[in-house]
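Take a look at the structure below.
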Amino acid sequence: MNLYKITFIHYSQKDSKEGIETYLLAENDKEVYNYIEKEYYYGCWVDEEKENKMCSIYGDEYHIMGKETYKEKIIRIKGEINDEDYDICDLYYGLTLRGWELVKENINIDFTKFIELGIVNESKRQKW
């Protein structure tokens, strides 16, 4: 089990706000992606057409090195917050981007009290 920090940045017309959303216990980046989609985007992080659309992977000198789906890209870069190509526009209703970073790998500490307090969440309920 790994400990991840889920971060956010919110843009609006007049200001912005950024911080830590929560900490999460998960096995890998794919579980973190699925948790964020379920908890914050309610299954609509991206629509199915955009999720399955192939994106180019560029190298250091901007030559195409391969292709990946949008979902694969977001998992690889650890969230939309880290996407340099994301177009931030039309902030009438505001825009919130989320991402994550690995805090600690292979955790075998009992986080029961932190989970009960809501400080740490789990990607899927497990018995400690």
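The values are calculated or read from the model by the stated rules, or taken from the named source; none is laboratory data. This is a predicted model, so every value here is computed, not measured. Cβ coordinates were reconstructed from backbone atoms using ideal geometry, including for glycine residues, and neighbour counts include every protein chain displayed.
General observations
- Test result for I81, closer than 18 Å to T22 by Cβ, surrounded by 12 or more Cβ atoms within 10 Å (Cβ to Cβ), in contact (Cβ under 8 Å) with a residue 24 or more places away in the chain and out of contact with any Phe, Trp or Tyr (no Cβ under 9 Å at 6 or more places or on another chain): no
- The residue of segment 5-21 that is nearest to V103 (Cα to Cα), among those that are assigned to a strand (DSSP E or B) and touching a residue at least 40 places away in the same chain (Cβ under 8 Å), is K5.
- Residues that are of a type in the set (A, V, I, L, M, F, W, C) and in a helix (DSSP H, G or I), drawn from segment 22-44: V32, I36
- Segment 1-44 - residue that is exposed (fewer than 12 other Cβ atoms within 10 Å of the Cβ) and small (G, A, S) and, of those, modelled with the lowest pLDDT: G43
- Residues in segment 84-114 that are touching a residue at least 24 places away in the same chain (Cβ under 8 Å), surrounded by 10 or more Cβ atoms within 10 Å (Cβ to Cβ) and either part of a loop (DSSP other than H, G, I, E, B) or in contact with a Leu (Cβ under 8 Å, 6 or more places away or on another chain) (or both): I88, L91, G94, W100, L102, V103, K104, I107, F111.
- Where K67 falls short, out of the listed (1) surrounded by fewer than 16 Cβ atoms within 10 Å (Cβ to Cβ); (2) at pLDDT 80 or above; (3) assigned to a strand (DSSP E or B): (2)
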